[in-house]
Amino acid sequence: MSSVSRPVSHLDFVTELHRLCFDKPWDRAAFARLLALPTTRLWADAAGFLMCMEAGDALEILTLCVHPEHRRRGHARALLDEMADYARAHRIPAVFLDVAADNAAAGGLYAAAGFDFQRTRPKYYRTARGATDAVCLVKKITF
Ligand SMILES: CC(C)(COP(=O)(O)OP(=O)(O)OC[C@H]1O[C@@H](n2cnc3c(N)ncnc32)[C@H](O)[C@@H]1OP(=O)(O)O)[C@@H](O)C(=O)NCCC(=O)NCCS
C-alpha cells in the first residue's frame with residue numbers, strides 16, 4: 001500500500017476506476033483539477049483509491065473506489081486505516097463525508113470503520129432513478 005499526495009501520474013488510474021465504480025463518473029479534467037489542489041490527499045493501492053480534501057480541522061472524503069473484481073478483500077478498510085493514521089499524525093480531529101443513503105456497501109464499510117450518522121440531506125443526489133438522499137457521516141479521530 002502506498003500513501004501519496006497529489007501524484008499526477010495517478011490521473012488515469014483514478015479516472016478509470018471511478019468510471020467502473022459510479023453511474024455518474026467524474027471526468028479526467030475534474031480529477032486533474034482536484035489532484036492539482038494543494039489540499040487534496042490521495043491514498044491508493046493496486047485495486048483502489050481514497051481521495052480526501054484537507055480543510056482546516058477536518059478531512060472530507062471526496063470519493064472511495066475499489067475495483068469491482070477486488071471487493072470484500074479489505075482494500076477499502078486498509079485505505080481508511082491509512083487515512084485515519086494520517087489524520088492522527090497531523091492532529092486532524094474529524095473525518096466526514098456524504099454518501100448515498102441507499103449505498104449498502106458503503107454504509108456497511110463506514111459503520112464498520114467507526115463512522116457515526118450525523119444527518120440526512122434529502123434528495124441530495126440526482127440519479128437516473130430520481131433523487132436520492134445522502135447521509136452525512138463523521139468519524140472522530142482520537143490522538
Ligand atoms: C464501498 C467499497 C469502497 C468497499 O470496498 P471493499 O474493498 O470491497 O471493502 P472492504 O473489503 O474493505 O470491506 C470492509 C468492510 O466493509 C463492509 N462492507 C464492504 N462491502 C460491503 C457490502 N457490499 N455490504 C455490506 N457491508 C460491506 C463489511 O463490514 C466489510 O468487512 P467484511 O468483508 O469483513 O464483512 C466498494 O464496494 C466500492 O468501490 N463501491 C463503489 C463505490 C462506492 O460506493 N464508494 C463509496 C462511496 S464514496
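State the extension gain, in nm to one decimal, for the chain segment bounded by Arg19 and His90, taking 0.36 nm per residue of separation less the distance between their alpha-carbons. Each step should come with its number before you reach the end.
Working: separation 71, 0.36 × 71 = 25.56 nm, distance 3.13 nm.
Between Arg19 and His90, full extension yields 22.4 nm more.
Computed over the alpha carbons of the chain, Rg followed by Dmax gives 14.5, 42 Å.
Using θ = phi - 60° in the Karplus curve 6.51 cos²θ - 1.76 cosθ + 1.60, the 3J(HN,Hα) couplings for segment 76-92 round to 5, 4, 5, 5, 5, 5, 4, 4, 5, 4, 4, 4, 5, 5, 9, 6, 9 Hz; x is entered for Gly and Pro. For Arg121 and Asp81, a Förster radius of 25 Å and the Cβ-Cβ distance give a FRET efficiency of 0.40, rounded to the nearest 0.05. Here the gap between Ala104 and Ala46, fully extended at 0.36 nm per residue and compared with their Cα-Cα distance, gives a gain of 18.5 nm.
Could you work out how much longer the chain between Ala30 and Leu11 gets when fully extended? Use 0.36 nm per residue separation minus the Cα distance between them, nm to one decimal.
Values: separation 19, 0.36 × 19 = 6.84 nm, distance 1.00 nm.
Here the segment from Ala30 to Leu11 would lengthen by 5.8 nm.
Annotation: aspartates and glutamates with alpha-carbon distance below 17 angstrom to Lys123 (same-chain offsets under eight excluded): Asp23, Asp98, Asp102, Asp133.
Can you figure out the FRET efficiency of His67 with Ala128, using R₀ = 22 Å and their beta-carbon distance, to the nearest 0.05? Calculated transfer efficiency: 0.45.
None of the figures in this text is laboratory data; all of them are computed from the coordinates on show. In this text, all values refer to a predicted model and were calculated from it rather than measured experimentally. Please note: Cβ atoms are built from the backbone with ideal geometry, for glycine as well, and neighbour counts cover all protein chains shown.
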